[in-house]
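Participant: First, the structure itself, so that you have it in front of you.
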2 protein chains.
Amino acid sequence: MARVTISDVARRANVSKTAVSFAFNSPGQLSPDTRDRILHIAGELGYRPDPVARTMTTKRTGSIGLLLPQAVHTAFANPFYPLVIEGISSVCDAHEYSLLLVSPVRGSVEEALGRAAVDGFISIGMDEAELPISHILRREMPVVLVDAGDREGETPRVNISDRVGARECARHLLELGHRDVLVVAIQSYDETRPLQGVPFERLSGYQQAFEQAGIPWREDRVFFARPTREAGREVVLAAMRKGSYTAVLAMADILALGAYDAAQHLGMRIPCDISIAGFDDLPIAGLLHPPLTTVAQPVREKGARAATLLIRSLQDGPGGSEVLETQLCVRGSTGPPRSAM
Amino acid sequence: MARVTISDVARRANVSKTAVSFAFNSPGQLSPDTRDRILHIAGELGYRPDPVARTMTTKRTGSIGLLLPQAVHTAFANPFYPLVIEGISSVCDAHEYSLLLVSPVRGSVEEALGRAAVDGFISIGMDEAELPISHILRREMPVVLVDAGDREGETPRVNISDRVGARECARHLLELGHRDVLVVAIQSYDETRPLQGVPFERLSGYQQAFEQAGIPWREDRVFFARPTREAGREVVLAAMRKGSYTAVLAMADILALGAYDAAQHLGMRIPCDISIAGFDDLPIAGLLHPPLTTVAQPVREKGARAATLLIRSLQDGPGGSEVLETQLCVRGSTGPPRSAM
DNA sequence: CTGTTAGCGCGTTCAT
DNA sequence: ATGAACGCGCTAACAG
């Protein structure tokens, strides 16, 4: 049997389609008994308004899109993403929105954008300058940018104080006496673009700390890796083969975890032989042994704020931006370098 | 300015709407030059077919719904979920489907179901007997059930050998000499229903091991907790207050992690004072200290298979079911009880 | 006040 | 390469 439509119900109840629609959406327009009769028949027939047809006229899908710069399974290699989603969802849930995970189709974010039937987007890690965003704007859909860099812009966004957090973390290592610091930076999803957004901010923070401490910043000690445990491990191993370091300054906890793997592989002990610091303060940071020194950022909160901003702008038009604070968490994975002990 | 529609393009190009549609969907129907002209104008105007209107006629949304029995942010407290999603998404991505996270609306899964504009559903942790599923079936949408218990049923499903895995894990503890075993079971999202599905299977497995070892099974040593780290911790603390145990048999790694927390809180050392075993073999299992003895299941694979099954049935009609294997992973968190040392 | 008629929204598709 | 009908539910205008 084919799907039960509003017409089926109308026919069966000897009323017009309008009446059926009213029974569901404007109960007041109908006399209680016809209303009940319609509802009853609808229930019997198992009628459910088709969400797509409904959207056609209401212009509302009831879902919001989460725009990722990579495939979901790639992004999720970093527990950061599920965590932001937790935050987003907690708000979506309260407002009865569903979340659509939108990742590039055949490499094209735009293509994916065009296909998504949503009321608005939350974008993670993409900058306003990127084509896709301009596409959303053209479609005149509300957007909130998360981790897009703190450039002033018309587009509402939620960021954290990346630069400050990174700076404090680097300063911490330098103050411990480290001079040979391996920086593991997040490789952008698009390697061809100049460094910007979050990776850029954090790198700038690191650099600032070096400058303020009067220690030369060495580009050749910056290595890039996609934010996965494996990539972190490999890049650290590669770097260690070429140079000698007393500390690893990783731009993400998941990269720091990779560094732990590398250290273990090399028989180096943390923090005696090598200090390691991360960024994010994901739940895993506290599970590691020794616990990871890292920069705490309110990940869930970030997601929640973004969702709140978006949902609000769905009702009242575009809202503002927010910057959340970071905080250095010194734990067991960092200590003075061997030479200084 | 309002959204650019197909009519705008048609007008501007002096062709019919049909021609514009052809230019995008059946390029062969048009002479190359009109086709190019249309496409060019469409590009200029920034025209993108409205995904909703498109769905109206094609009956295809390009997304599949992931049906969760709880709010996303609740479910994600267990890293198991992001991991299944990784698996699902890897397949969805390859087939250009997006994933819609669908969780109950005001407590009603059905309500959420009715609103979701998707081509099919993957349901996690809900049984066929549950109302919502029957609703999908009425809507005649393809569904694949994950972790729904291995009852024979017409609905395609992907399961693992929960019972066997659980049995082997319990047997392991019993063979080590444990007699006072605290069982931490997963509390179903719906406490009113009789135990079934995955929790039931695993519990049966535990019970079997006791029976086969000739050791009395004690219901009063089974405690239920929602699958979160915090709930695991609390329930173990509560149990420990009332009784004395040498081992914890947790139905999920995340609950085992909670047990670690409890052990630490109580000043108990693992495995000397207390042995702990989990289920799932999530990445965190290997990060814990000592590493967690657990039952490995191919979580990503499970998601991937489910997605494959669903997408196939989207094309060729309903497919079969699959059961994946589990494997006991003995690691440092289990050892002989004190008394037997 | 209760209920109907008619047309819309946007892109696809059949017959011509 | 076109015009018209269609999908499904919503709603403005209108009649009893």
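Participant: Peptides A:18-29, A:285-296, B:182-193: what's the order by average Cβ count within 10 Å, highest mean first?
Facilitator: A:285-296, B:182-193, A:18-29
Participant: Further, regarding this structure: I need the inter-copy label distances for residue B:220: point set 7 Å along Cα to C-beta, values in nm with one decimal, smallest first.
Facilitator: 7.3
Participant: With both bridge residues required to lie in the protein assembly as shown, what share of the DSSP beta bridges run antiparallel, to the nearest 5%?
Facilitator: The answer is about 15 percent antiparallel.
Participant: Other chains' Cβ within 10 Å of B:283-293 residues: what's the mean?
Facilitator: Partner Cβ neighbours, averaged per residue: 2.
Participant: Work out the FRET efficiency for residue A:324 and residue A:94 from their Cβ-Cβ distance, taking R0 = 25 Å, and round it to the nearest 0.05. Please list the in-between numbers first.
Facilitator: Working: r = 20 Å, r/R0 = 0.79.
Efficiency computed from Cβ-Cβ geometry: 0.80.
Participant: Residue B:65's amide H: which non-local residues (gap 5+, or another chain) put their own amide H closer than 5 Å, with H modeled 1.01 Å from N in plane and none for Pro or chain starts?
Facilitator: B:100, B:119, B:120, B:121, B:122
Participant: While we're here: Apply the Karplus parameterisation 6.51 cos²θ - 1.76 cosθ + 1.60, with θ equal to phi minus 60°, to every residue of the stretch A:283-293 and state each ³J(HN,Hα) to the nearest whole Hz, in sequence, with x for glycine and proline.
Facilitator: Whole-Hz 3J(HN,Hα) from phi for the stretch A:283-293: x, 5, 4, x, 8, 5, 10, x, x, 7, 6.
Participant: Further question on the same structure: If you stretched the chain out fully between residue B:40 and residue B:175, how much longer would it get, using 0.36 nm times the residue separation minus the C-alpha to C-alpha distance?
Facilitator: 41.2 nm
Participant: If you count, for every residue in A:48-54, the Cβ atoms of partner chains within 10 Å of its Cβ, what is the mean?
Facilitator: Working: counts 8, 2, 5, 9, 10, 4, 4.
Rounded to a whole number, the mean comes out at 6.
Participant: Something else now. Can you pull the mean other chain C-beta count within 10 Å for peptide A:87-100?
Facilitator: Whole-number average of other-chain Cβ neighbours for A:87-100 is 5.
Participant: How much length is gained on full extension from residue B:26 to residue B:11, taking 0.36 nm per residue of separation minus their Cα-Cα distance?
Facilitator: Result: 3.5 nm gained on full extension.
Participant: Something else about it: With the label 7 angstrom out along Cα to Cβ, how close does residue A:191 come to the same site in each of the other copies, in nm, nearest first?
Facilitator: In nanometres, ordered from closest: 5.3.
Participant: In the protein assembly as shown, what is the count of Lys pairs whose alpha carbons are under 27 Å apart, counting only pairs at least 8 residues apart or on separate chains?
Facilitator: 5
Participant: Provide the gained length on full extension for the span residue B:238 to residue B:3, in nm with one decimal, where the gain is 0.36 nm per separating residue minus the Cα-Cα distance.
Facilitator: On the way: separation 235, 0.36 × 235 = 84.60 nm, distance 5.93 nm.
Difference between extended and current length: 78.7 nm.
Participant: Considering the rotational relationship between chains B and A, which residue of chain B contributes the beta-carbon of minimal distance to the axis, and what is that distance to the nearest Å?
Facilitator: B:82, 2
Participant: How far is residue A:27 from itself in the other copies, in nm, if each label sits 7 Å out from Cα along the Cα-Cβ line, shortest first?
Facilitator: Distances to the matching label points in the other copies: 5.3 nm.
Participant: Something else: To check you understand DSSP bridge types, tell me what percent of the beta bridges within chain B (both residues inside) are antiparallel, rounded to 5.
Facilitator: Numbers: 4 of 34 bridges.
Within chain B, antiparallel bridges account for around 10 percent of the total.
We did not get these values from a lab; they are worked out from the coordinates using the rules stated. Fair warning: this is a prediction, and the values are worked out from it, not measured in the lab. Cβ coordinates were reconstructed from backbone atoms using ideal geometry, including for glycine residues, and neighbour counts include every protein chain displayed.
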